[in-house]
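Trainee: Below: one structure in structure tokens.
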There are 2 protein chains.
Amino acid sequence: MARVPHANLDCSPGCPVEGVLAIIGGKWKGLILYHLLAGTLRFNEIRRRVPNVTQRMLTTQLRELEADGLLVRTVYAEVPPRVEYSLSPRGRSLEPIILALKAWGEEHLRPAIPKAVVAA
Amino acid sequence: MARVPHANLDCSPGCPVEGVLAIIGGKWKGLILYHLLAGTLRFNEIRRRVPNVTQRMLTTQLRELEADGLLVRTVYAEVPPRVEYSLSPRGRSLEPIILALKAWGEEHLRPAIPKAVVAA
DNA sequence: GCACATAGTGTCGAAAAGGATACCGTCATG
DNA sequence: CATGACGGTATCCTTTTCGACACTATGTGC
């Protein structure tokens, strides 16, 4: 989704809501943040936990989350390359929100269609 | 932002997070939901509270929120037209999340630039 | 008649977001 | 040499989102 620019000076009282959604709302970001709650993960570990995300998109979204100060990317001088991602304190402070989103989704969103039905 | 389709059968444990963000994450939706927390509002009332939203976008987002079951649209057989929007029980259950988003935004997002500075 | 109230709708284009595909560099192993 | 590990990057295309602009319908008041 589009970034809501804070350059918009007619910012109304609800603006922070929109602002937060703008930084956590990109595709795959919710999943990434959720999985990082459990602790530091490497690139391919995230990728395995978020099936169907392309490498390209994972990189892009991780870089954006980093730019917004929600996660920390640690590069080790190793071969093969080793890069670790973990929530920053700022990102960690989103934990109750992420967990509340998960709980609400589990209660109110339709469950996925079982595989067997689709195969028919 | 794009709807995350639940037709994606490889839904991982964090999927509900992504699913909720997909329905509340469109531009202006966070603001709309926030303002409706205070109670029933008419179209132009919402519009005045959300400066800079176009009529077109307000209509579109309201219709999506309605389709996702988050709000109720009540049409009165009157002239001039009278249409009221209010949170559904399902939408109302998002209140703690919306308020948490607002609190987090107020604490962690940069404040808007004061008007006087821009005028300079 | 015109302008105002209300709440939209239709159409199209621009911009943004997302994704597909090929390729990269270093080292280790068979 | 080829292939695999790792974590990407580059390029281009597709899809989606958003917004601009014009128009709509009914009634009322000047």
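Bear in mind that the values in this text are calculations on the coordinates, not laboratory data. Just so it is clear, the model here is predicted, and its values are computed rather than measured. Heads up, the Cβs are rebuilt from the backbone with ideal geometry, glycines too, and the neighbour counts pull from every protein chain shown.
Trainee: Would you please give the FRET efficiency between A:Ala77 and B:Asn44, computed as 1/(1 + (r/R0)^6) with r the Cβ-Cβ distance and R0 = 41 Å, to the nearest 0.05?
Mentor: The calculated FRET efficiency here is 0.10.
Trainee: If you take the beta carbon distance between A:Glu84 and B:Ser93 as r and set R0 to 25 Å, what does 1/(1 + (r/R0)^6) give as a FRET efficiency, to the nearest 0.05?
Mentor: Working: r = 36 Å, r/R0 = 1.46.
Given R0 = 25 Å and the Cβ-Cβ separation, E is 0.10.
Trainee: Next question, about the same structure. For region B:16-102, what class follows from the C-alpha gyration tensor (a ≥ b ≥ c being the square roots of its eigenvalues): rounded when a/c is under 1.5, otherwise prolate if a/b is larger than b/c, else oblate?
Mentor: Note, shape of region B:16-102 comes out prolate.
Trainee: Now for a different question. Return the long-range amide H neighbours of A:Leu71 (sequence gap of 5 or more, or a different chain), with a cut-off of under 5 Å between placed amide H atoms.
Mentor: Under 5 Å from the amide H of A:Leu71: A:Glu66, A:Ser88.
Trainee: Determine the shielding of peptide B:35-44 by partner chains: average, over its residues, the number of Cβ atoms on other chains within 10 angstrom of each Cβ.
Mentor: 1
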